[in-house]
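Asker: Quick one: the structure is below, questions incoming.
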Amino acid sequence: MYRLFSVSVKVMDRLRYTYKFILIGLLVLIPMSVMFYIFQDSMKGLIDFSQKEKLGVEYIVPVYGLISDIQQSRGLSHRYSKQDKSVSESLKEVRKQIEGELQQLKQMDARLGKELKTKDRLSDINGKWQAVASKPLDDPELFDQHSLLIADLIALIAAVGDSSNLILDPDLDSYYLMDGIVNKIPASMENAAKIRGIGSGYLSVGAMDDTGRDEIMELYSLSKASMADIYRGASTAIEVNESLRSELGQIGEDNNLLAQSYLSMVEQNLLDFDNRQLDSSPFFEQSTGLINAYSKLFELEASNLTRLLDIRIEKYRTKTNAFNAVVLAAVLLLTYLFIGFYLSVSRSVISIKKTLGLFEQGDLRGKVTISTKDELVEIVNSINAMVRSFKQTILSSTQIVNKVYESSTDLTDRTARSVESLNDVNRNIEELAKDAERQAASMDESSAAMREIAIGVQRVAETSSIVSDESTLTLEEARQGGAAIHHAVKQMQLIHQSVDASAHLVQFLESKSNDIGQIIDVIKDISEQTHLLSLNASIEAARAGEAGRGFSVVAQEVKKLSEQSASSAAMITGFIHEIESKTKQLVLAMKAEVREVTEGMTVIREADEIFMKIVRNSESVTGNVHDISASTEEMSASAEEVTASIDEMSVIYRKSSNNTNEVSSLAHSQLETISRIWAAANELTDMANESKEQLNKFII
């Protein structure tokens with residue numbers, strides 16, 4: 001039992017090692033830190049992604065304005081080449097405006113070109129424009145060179161849309177706005193501008209061939225399809241985000257009506273050229289009005305796209321801040337719980353260690369108490385139940401040992417007195433035998449010494465009376481010793497029963513320890529199932545995206561709970577294994593104690609049988625002594641007749657001598673038997689005293 005308490009204290013000491021709590025903290029903080037890093041990196045990536053989209057919009061807007069002016073320059077140049085010299089001043093003014101826009105675009109490219117990868121393209125576009133600006137106003141190649149330059153600018157917009165992530169925009173409303181300013185509106189306006197330039201040229205000269213009509217027809221078809229795409233894209237964006245309706249709704253409808261009117265004008269004046277109703281200038285102005293309307297739509301979609309990107313960036317930042325706040329609160333909460341758990345366990349371990357230290361010293365008066373309500377309560381309850389059972393065993397054993405000690409002490413005293421009495425009897429009988437022999441040898445002188453014989457016979461009568469009394473006392477004491485031994489046998493049987501009950505209690509404790517181990521296995525299974533549920537919940541939350549993010553936090557909490565449960569179950573399993581090991585050792589010790597008690601029962605039974613023999617021998621000796629006493633009395637009564645019957649007395653004396661020798665031999669045998677009983681009684685007393693000293697070490 002001392003070893004069990006010592007090992008229990010050492011187990012409790014191991015629980016106090018701080019590194020275990022640090023390990024638990026790391027197991028919680030490391031996944032949280034990884035999750036925090038992943039979320040921060042993801043949010044940063046999303047913010048950078050949207051910031052880059054904003055840079056793309058910022059770059060595209062002036063490019064589109066440059067395209068619009070170059071388209072106007074192309075139309076005016078084409079009219080000028082068709083002998084419409086009235087556009088000369090307007091053309092020069094537009095070219096001057098283009099030069100200024102190119103300078104502004106160069107400045108923007110110096111700031112954003114490296115990130116958007118536009119430097120080489122803009123340099124090439126600037127070179128082509130310088131080539132266009134160096135040609136005469138009536139050069140017939142200017143139209144195609146303008147068209148090539150506009151195609152490069154449209155390609156620049158597409159490249160910026162690619163390098164700035166605009167074409168990968170994740171939201172439907174902003175995606176359709178992006179598609180309008182990157183793809184639909186520039187391409188559609190280029191087709192309308194070509195129709196404006198080519199058509200106004202034909203209207204200026206008043207003639208159109210089949211090649212020109214086919215070219216107009218192709219541009220008309222492309223414009224019709226692209227204008228319808230612009231309207232559908234704006235309508236879809238409005239359906240997805242109702243907040244866009246206030247700015248884009250009416251303008252989209254107006255632009256769609258204006259586009260339909262423009263297409264009708266192209267049909268009436270260019271496709272049906274012979275029945276045309278407009279001249280070059282009105283056609284050019286109405287075409288320019290449509291282009292300006294779509295330029296306004298472009299600017300509106302670009303500004304709304306920038307606004308949506310700002311809202312998205314702010315949303316990401318808000319999420320980041322909220323997540324940071326939640327993580328900080330979680331860290332603080334975990335720190336609080338960790339410190340509280342550490343202090344609670346520390347106090348519980350100190351309390352358990354203090355009480356077990358008293359148990360180790362033999363003080364069983366107290367019991368283990370803790371203030372927590374965790375798994376340690378089960379261990380404490382098992383220890384207290386074990387101590388209560390052991391206290392009952394100690395009490396029963398103490399009572400039995402005390403009774404055995406008292407009985408063995410009394411038996412020792414009585415046996416010592418019996419030995420002394422038998423020694424006296426033996427000496428007296430030996431003297432009587434010698435006297436009888438001397439009387440037999442001197443029978444011939446009996447007559448002369450009759451007086452001396454009478455005196456001797458009187459002495460023998462007195463001595464025989466004393467021996468008779470002592471034999472009676474010895475018989476009584478032998479009977480009492482036999483009763484004491486019989487009582488000791490009963491006490492040893494009670495000890496045997498008590499030890500058997502203790503063994504059964506220890507086996508019951510071992511069975512309950514096994515049951516606790518099975519419960520721990522169930523806890524481990526629950527922990528594993530909880531961990532699997534957390535993993536599945538995390539996967540489903542990841543699939544659900546933004547809508548499942550809150551559920552993901554719950555899944556993470558379930559996962560942490562499962563890990564803490566698994567860790568606690570592993571620690572309890574270790575404790576149970578220690579208790580099971582010590583319980584098995586206690587079972588072996590109890591079995592050894594049962595064997596020793598059984599051997600003690602055998603020794604006591606042998607002592608009981610020996611005392612029964614002593615009683616029977618004492619009864620026989622007492623009877624013989626009584627006979628001797630009666631004979632000596634008769635000898636004393638008939639002393640006067642000795643002289644007359646000397647021969648008869650001689651025979652009687654010889655017979656008395658023989659009987660006396662036999663009594664002396666029996667007395668020697670009885671003395672040896674009593675001596676062995678005395679030695680056994682002393683040994684039993686020593687054993688009882690040793691057991692008593694061992695049990696007195698415990699304080700109950």
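Asker: Can you pull out every residue in region 224-260 that is more than 14 Å from TYR294 (Cα to Cα), in a helix (DSSP H, G or I) and of a type in the set (S, T, N, Q)?
Answerer: Hits for region 224-260 are SER235, THR236, SER243, SER246.
Asker: Check region 32-51 and report whether any residue there is at pLDDT 85 or above, among the small types (Gly, Ala, Ser) and either within 27 Å of the chain's Cα centre (by Cα) or under 21 Å from ALA325 (Cα atoms) (or both).
Answerer: yes
Asker: Name the one entry in VAL160, VAL182, VAL205 that is modelled with pLDDT of 90 or more, at negative phi and assigned by TED's automatic domain parsing to the domain that holds MET265. Explain how you work it out, then say what you get.
Answerer: Numbers: VAL160 fails: assigned by TED's automatic domain parsing to the domain that holds MET265; VAL205 fails: modelled with pLDDT of 90 or more.
The conditions single out VAL182.
Asker: Here is a further query. When GLN107 is evaluated against the numbered criteria (1) at pLDDT 90 or above; (2) surrounded by 13 or more Cβ atoms within 10 Å (Cβ to Cβ); (3) not basic (Lys, Arg), which criterion, by number, is the only one it fails?
Answerer: Failed condition: (2).
Asker: Can you name the number of the only condition in (1) closer than 27 Å to SER86 by Cβ; (2) touching a helix residue (DSSP H, G or I) at 6+ places or on another chain (Cβ under 7 Å) that LEU153 fails?
Answerer: (1)
For (1) surrounded by fewer than 16 Cβ atoms within 10 Å (Cβ to Cβ); (2) within 30 Å of ASP272 (Cβ to Cβ), each residue gets a yes or a no:
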{"position": "LEU172", "(1), (2)": "yes, no"}
{"position": "LYS184", "(1), (2)": "no, yes"}
{"position": "ALA225", "(1), (2)": "yes, yes"}
{"position": "ILE230", "(1), (2)": "no, yes"}
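Asker: Next question. For region 83-97, which positions are charged (D, E, K, R) and either surrounded by 18 or more Cβ atoms within 10 Å (Cβ to Cβ) or in contact with a His (Cβ under 8 Å, 6 or more places away or on another chain) (or both)?
Answerer: Those that are charged (D, E, K, R) and either surrounded by 18 or more Cβ atoms within 10 Å (Cβ to Cβ) or in contact with a His (Cβ under 8 Å, 6 or more places away or on another chain) (or both): ASP84, ARG95.
Asker: Out of all the residues in region 110-128, which are in contact with a Lys or Arg (Cβ under 9 Å, 6 or more places away or on another chain) and either among the basic types (Lys, Arg) or surrounded by 14 or more Cβ atoms within 10 Å (Cβ to Cβ) (or both)?
Answerer: Matches in region 110-128: GLY113, LEU116, LEU122, ASN126.
Asker: So the check is Cβ under 8 Å with 6+ separation or different chains; which pairs have a first residue in region 211-238 that's in the same structural domain as GLN260 (by TED's automatic domain parsing) and a second one that's among the basic types (Lys, Arg)?
Answerer: Every condition considered, the pairs that remain are LEU219/LYS194; SER226/LYS184; ASP229/LYS184; ILE230/LYS184; GLY233/LYS184; ILE238/ARG245.
Asker: Tally up the residues in region 287-337 that are over 30 Å from GLN556 (Cα atoms) and charged (D, E, K, R), please.
Answerer: So the answer is 5.
Asker: Suppose we filter region 204-223 for residues that are buried (at least 20 other Cβ atoms within 10 Å of the Cβ) and more than 24 Å from TYR294 (Cα to Cα); how many remain?
Answerer: Total satisfying the criteria: 2.
Asker: Any residue at all in region 122-141 that is within 25 Å of GLU301 (Cα to Cα) and either of a type outside the set (Lys, Arg) or modelled with pLDDT under 90 (or both)?
Answerer: yes
Asker: Based on this model, can you work out whether SER226 counts as hydroxyl-bearing (Ser, Thr, Tyr), closer than 27 Å to GLU285 by Cβ and in contact with a Lys or Arg (Cβ under 8 Å, 6 or more places away or on another chain)?
Answerer: yes
Asker: So how many residues does region 52-67 have that are more than 60 Å from the chain's Cα centre (by Cα) and either outside any helix (DSSP H, G or I) or crowded, with 24+ Cβ neighbours inside 10 Å (or both)? Write out each step before concluding.
Answerer: In the first step, residues of region 52-67 are kept if they are more than 60 Å from the chain's Cα centre (by Cα); the result is 62-67.
Right, trim to either outside any helix (DSSP H, G or I) or crowded, with 24+ Cβ neighbours inside 10 Å (or both) and you get 67.
Of the residues in that region, 1 qualify.
The values are calculated or read from the model by the stated rules, or taken from the named source; none is laboratory data. These numbers come from a predicted model, not from an experiment. Every residue, glycine as well, gets a Cβ built from its backbone with ideal geometry; the counts of neighbours run over all protein chains shown.
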